[in-house]
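Below is one structure, written out as structure tokens; comments come after it.
The values are calculated or read from the model by the stated rules, or taken from the named source; none is laboratory data. Model, not experiment: these values are computed from the prediction. Positions of Cβ are backbone-derived with ideal geometry, glycine not excepted, and every protein chain shown enters the neighbour counts. These accessible areas exclude ligands, DNA and RNA; they are computed on the full protein's heavy atoms, side chains included. Shrake-Rupley method; radii C 1.70, N 1.55, O 1.52, S 1.80 Å.
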Amino acid sequence: MSNQEIKVSVCVVTYNQERYIAECLQSLVDQETKFNFEVIVSDDCSTDKTPEIIKNFQERYPGIIKPILHKRNMGAYKNFIFVHEQAKGKYIAHVDGDDYALPGKLQIQADYLDHNAECNMVFHRMNFIEGGFLRFSKPLSEKVLNYKFYRKDIIEYIAIGAHSSKMYRSSVGKIDKPNFDMVDYTVNVLQVKDGYAAYCGNQALGVYRVGVGIAGSTKVNLSVYNSLKYFFKKYKDQKLYINISAWGWFLNNLKYNKETKWKFFSVVIETFTILGLFRYLKSRKFRRELSGL
């Protein structure tokens, strides 16, 4: 690849993923595009063979793979923030080291952002690997395909797309960083700014491994709780949508008897509106479609 301007930066975070990282990186270097792109791989001081695999890819694809091999463990949140700060592209994509891309991902998402000036982040359908078996996701409904997710919608619906399916404009990359570890939900709410998020079509452009990451952990729940508190201070006009989201997190935590359930209930009370629970219950079908991407 020549030294021309990089249009897309792909940020990959990884830690002890020797079983998956090669498939992830190969899926990215194999992308066919009309533009230059880079793949920045930030390894969080892995103790397995992950760094060796990354070095091997750098040797084979020196113009694309740009490794960052940390000598000390930063933690998932700091590693995520760090690698995205290194990106040089006009557009920035995120891929977790245990997921992988399907053909056409980078070109299709970049084209979408090129042609939709007010869209600040774009997602795509993901297929899944669960229990070692590949599962194909269902096609998206017209409602999801045509939906423009503004800040209020991201707050309300929470998981509007898989983390490894996201591409966003570098112009919205800089955000205020609260004094707690953010998750992708937090980042999406802050990063959408005055634009919207959307889907680039009905094609699955990536594969997500179910049950490998930390989704649903107490750490994630605490981060979301802190996020909702933070949003209520920062976006007072979004009280209804914060309440709807709090209901969702509380009921989910209650269902699985999570220790954070009463924290979310306290946010329900603090942001209480008459419409909150009704709106949450009414939107469950739409939420299920989004969470099944």
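Quick check on the stretch 212-235: of everything there that is β-branched (V, I, T) and closer than 16 Å to L254 by Cβ, which residue is modelled with the lowest pLDDT?
The qualifying residue modelled with the lowest pLDDT is T218.
Quick one: K138 ticks every box in (1) part of a loop (DSSP other than H, G, I, E, B); (2) within 17 Å of the chain's Cα centre (by Cα); (3) more than 21 Å from Q31 (Cβ to Cβ) bar one, so which box is it?
So K138 meets the others, but not (2).
Show the residue pairs meeting these rules: Cβ distance below 8 Å; 6+ apart or different chains; first residue within the stretch 12-38 and farther than 24 Å from I108 by Cα; second residue of a type in the set (A, V, I, L, M, F, W, C) and assigned to a helix (DSSP H, G or I).
T14/I21; T14/C24; T14/I54; Y15/A76; Q17/C24; E18/I53
Got at least one residue in the stretch 88-104 being in a helix (DSSP H, G or I), surrounded by fewer than 17 Cβ atoms within 10 Å (Cβ to Cβ) and not aliphatic (A, V, I, L, M)?
no
Please state which one of I244, I274 is hydrophobic (A, V, I, L, M, F, W, C) and modelled with pLDDT under 95.
I274
List every residue pair whose Cβ atoms lie under 8 Å apart, where the two residues are 6 or more positions apart in sequence or sit on different chains, the first residue falls within the stretch 106-117 and is under 13 Å from Q31 (Cβ atoms) and open to solvent by less than 40 Å² (accessible area, probe 1.4 Å), and the second residue, located anywhere, is modelled with pLDDT of 95 or more and of a type in the set (G, A, S).
Within 8 Å, the pairs are L106/A93; Q109/A93.
Consider P139 against the criteria (1) closer than 19 Å to Y230 by Cβ; (2) loosely packed, with under 15 Cβ neighbours inside 10 Å: it satisfies all of them except one. Which criterion is unmet?
So the condition that P139 fails would be (1).
What number goes with the only condition from (1) in contact with an Asp or Glu (Cβ under 8 Å, 6 or more places away or on another chain); (2) of a type in the set (D, E, K, R); (3) within 17 Å of V189 (Cβ to Cβ) that K239 does not pass?
(1)
Give me the helices (runs of 4 or more DSSP H) completely within the stretch 160-263, filtered to those with at least 1 residues that are under 25 Å from I21 (Cβ atoms) and open to solvent by 30 Å² or more (accessible area, probe 1.4 Å), ordered by residue number.
Answer list for the stretch 160-263: 184-191, 218-234.
Tell me which residues, restricted to the stretch 77-99, are among the hydroxyl-bearing types (S, T, Y) and closer than 21 Å to L113 by Cα.
Matches in the stretch 77-99: Y91 only.
What number of residues within the stretch 1-45 satisfy the criterion of being of a type in the set (D, E) and out of contact with any helix residue (DSSP H, G or I) (no Cβ under 9 Å at 6 or more places or on another chain)?
4
Quick grid of which residues meet (1) at pLDDT 95 or above; (2) over 23 Å from Y112 (Cα atoms); (3) under 22 Å from the mean Cα position of the chain (by Cα); (4) exposed (fewer than 14 other Cβ atoms within 10 Å of the Cβ):
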site: I6; (1), (2), (3), (4): yes, no, yes, no
site: C11; (1), (2), (3), (4): yes, no, yes, no
site: Y15; (1), (2), (3), (4): yes, yes, yes, no
site: K34; (1), (2), (3), (4): yes, no, no, yes
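For I64, state whether it is buried (at least 18 other Cβ atoms within 10 Å of the Cβ), modelled with pLDDT of 95 or more and over 23 Å from K78 (Cβ atoms).
yes
Quick test of your reading of the structure: K88 fulfils all but one of (1) in contact with a Lys or Arg (Cβ under 8 Å, 6 or more places away or on another chain); (2) within 28 Å of Q191 (Cβ to Cβ). Name the failing condition by number.
(1)
Check K55, K71 and return the single one that is open to solvent by 30 Å² or more (accessible area, probe 1.4 Å), free of Cβ contacts under 8 Å to residues at least 40 places away in the same chain and outside any loop (DSSP other than H, G, I, E, B).
Just one listed residue meets the conditions, K55.
Any residue in the stretch 138-152 that is farther than 22 Å from F128 by Cβ sitting within a Cβ distance under 9 Å of a residue that is of a type in the set (S, T, Y)? List the pairs, counting only those 6 or more apart or interchain.
Between residues of the stretch 138-152 that are farther than 22 Å from F128 by Cβ and residues that are of a type in the set (S, T, Y), the close pairs are N146/Y199; K148/Y196; Y150/Y196; R151/Y196; R151/Y235; R151/Y241; K152/Y235; K152/Y241.
Let me spell it out: the conditions are (1) open to solvent by less than 30 Å² (accessible area, probe 1.4 Å); (2) modelled with pLDDT of 95 or more; (3) not basic (K, R), and S283 meets all of them except one. Which number is the exception?
All conditions are met except number (2).
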